[in-house]
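What follows is one structure encoded as structure tokens, with my remarks underneath.
Computed from the coordinates by the stated procedures, all read-outs in this text should not be read as laboratory data. Keep in mind it's a predicted model, so treat the numbers as computed, not measured. Reconstructed Cβ throughout: ideal geometry from the backbone, glycine too, with neighbour counts over all protein chains shown.
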Amino acid sequence: MMNVAATDPKRRALGKGLDSLLPRAHAPIPSANEPEGGRPREIPLDQIDPNPFQTRSQMNEEQLAELAASITANGVVQPVLVRPLMNGRFQLIAGERRWRASQQAGKATIPAILRQVSDEQAMEITIVENLQRADLNAMEQARAFDRLSREFHMTQEQMAIRTGKDRATVANFLRLLRLPASVQARVESGELSFGHARTLLAFEHAEEIEKAAQRIGALSLSVRQTENYVQGLLHPEKAKKKDAKPEPPIDPNVREVQERLQRALGLKVHIEDHNGRGKVIIEYGRLEDFDAILEQLAGE
């Protein structure tokens, strides 16, 4: 069987990026009970502080409850990642869902792997872990990349390499921060997708973006429909020309027959003729009209 992880370059990039952020050098750990070789150890939950670099602002409570039930029954299968602090406590780096679910499950300890990492490495690990699990919505990813740029002075190219994404993708996420706060909230709630949001950036003014976003949400437009809608607003003259298809001229003889049928049936009739071949379309609005057509055609 082919190993998917070995053949997918993006998965390789993410895996390599995560490994590079987890230094396994002989870093001093302030604990005499730390097992050698980076093996997990049980750490009291109340000695672990939350991750200050967490990029995920929302967490599905139903999924969290399901994980808590699983932990109650089977324990924590995958250890969390923490780093030791100078005050003897620990700071969570990766595994916040497992940490919170363990608290809900009433566990006293959780298996954890200790690593000595810098603030920059801790934040990068957090972003990569969440990106690998597709846990972040578009706005959370945008803010995470923005934080890497502002606080750690990373270029878009550097961020792309670390996260396994294309540089253009990173740039598109960062552009989402130009959206008005109300529209960002719609993206974060899932009402608008990344594709919707990126399309709205074609507008220059916040009022235009907000008005279009409301319309898109009200009509539940797809991304393709949104693109057409936005282009129609930006270039109404092109949309008008595209929609205004000239009616082909009707042969006088065909028109006469069409009118005779309409008078005879009392219904709207349209004849499409192309060099002696075509079709007759009879429109009806009630079942009684349809029955009347059948009677006349059948000679009843």
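Per the Kirkwood formula applied to alpha carbons, segment 121-203 shows a radius of gyration over Rh ratio, Rg over Rh, of 0.95. For segment 252-298, the Kirkwood hydrodynamic radius comes to 11.3 Å, computed from all pairs of different C-alpha atoms. Where the centre of each part is set by its Cα atoms, how far does segment 44-79 sit from segment 255-278, in angstrom? After rounding, the separation between the Cα centres reads 70 Å. Summing Lys and Arg as +1 and Asp and Glu as -1 over all other residues whose Cβ lies under 12 Å from the Cβ of A168 gives a net charge of +2. In sequence order, segment 91-105 has phi-based couplings of 10, 5, 10, 9, x, 5, 5, 5, 5, 5, 5, 5, 5, 5, 6 Hz under the Karplus curve 6.51 cos²θ - 1.76 cosθ + 1.60, θ = phi - 60°, and Gly or Pro positions carry x.
If you take all C-alpha pairs in segment 54-121, what percent of them are over 13 Å apart? Considering segment 54-121, 65 percent of its Cα-Cα pairs are separated by more than 13 Å. Take 154-166, 272-284, 253-265 and order them by the average number of nearby Cβ atoms within 10 Å per residue, most first; the result is 154-166, 253-265, 272-284. Close amide H partners of Q91, meaning residues 5 or more places away or on another chain with modelled amide H under 5 Å apart, are D49, R83, L85.
Put simply, the amide H of T109, placed in the peptide plane, has neighbours under 5 Å in L45, leaving out anything fewer than 5 places away on its chain.
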